[in-house]
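Here's the structure, in structure tokens; my notes come after.
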Amino acid sequence: MSGFLFFYNCQNSEKQFKYTYNIVDTLIQNMKFVLVPKGNYTYGINKEIKKNNYDYWIMKYEVTNQQYFSFLVKALNENIVYVDKDTIKWNYNGDELRPQNTYVAKILDDRIYYKENKLYLDTVFAKHPVTEVTWFGATVFCKYYGFQLPDKFEWEKAARGMTGWNYPWGDTLEFNRANFHNSGDPFDNGTTPVGFYNGQNYNGYQTKDSPSPYGCYDMAGNAWEYTNTSLMPNIPHVEGGGGSYLYHTGAMCQSWYFSKFGYPIPSRFDRPFKSDGFRCIVK
């Protein structure tokens, strides 16, 4: 991975678990990535010990509307994607599960919209996670910048490490730690700016600092996050983690809980929900 501006460490400790955050800024839209080192981690509801054999970097925050908008401006100018009525579409080359075809990448909405032959961003939501993105929309973003989507195992390790916790910060879900349905934050029920739950007080609303063991924010709540893991063999739907602000209860924000994206076949699997987002990794 190239384009690092700076590198620094900071420490987090809770319940006798200690981690050092290794964080880099890239020259690509100032995206921050944190290091997830190779080694053991706890996986699943039964806290099974698994091991990955490589280091990787994962985005500290979910991809924002600003970042996705900036990508779309370039991708439209380079004819990588195109506007079709109220959608952005991409001609995907296909893989072992998905045929070559043109798929919806993003539903245009009140945050990123197209008017009079020009793409616009509502800057009020610039730092909120981009949503109404399909797996194809997340994939084309990753391909453009040389990133990847995490698989479910990489995602879960980044969310809980070796802690065995149900949530990135511990075993208890509190209203001021994550943005889930009816959580009562100032943006309820909608997205919060990425990294909102960082211990700051926002006009009287006190948050608790709630990073994952490796320093990722919003791995519980806010936007559902795509992975690159299929729900079942030979099925094109993929799994996603983290829960969301909209459709699901706080219980579904647990780090081991994964849900499917897409509709049962034969319905289209390039249709997103209002809370679907993503973050990227680099290996």
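The values are calculated or read from the model by the stated rules, or taken from the named source; none is laboratory data. Since the structure is predicted, the reported quantities are computational estimates derived from the model, not experimental observations. Every residue, glycine among them, receives a Cβ derived from its backbone with ideal geometry; neighbour counts consider all protein chains shown.
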Search result, residues across the range 212-247 that are surrounded by fewer than 24 Cβ atoms within 10 Å (Cβ to Cβ), touching a His at 6+ places or on another chain (Cβ under 9 Å) and part of a loop (DSSP other than H, G, I, E, B):
231, 246, 247
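Of the residues 277, 240, 262, which is under 29 Å from residue 92 (Cα atoms) and either at pLDDT 95 or above or among the β-branched types (Val, Ile, Thr) (or both)?
Working: 240 fails: either at pLDDT 95 or above or among the β-branched types (Val, Ile, Thr) (or both); 262 fails: either at pLDDT 95 or above or among the β-branched types (Val, Ile, Thr) (or both).
That would be 277, the only listed residue that is under 29 Å from residue 92 (Cα atoms) and either at pLDDT 95 or above or among the β-branched types (Val, Ile, Thr) (or both).
Taking the options 38, 51, 15, name whichever one is loosely packed, with under 14 Cβ neighbours inside 10 Å and at pLDDT below 90.
Among 38, 51, 15, only 15 is loosely packed, with under 14 Cβ neighbours inside 10 Å and at pLDDT below 90.
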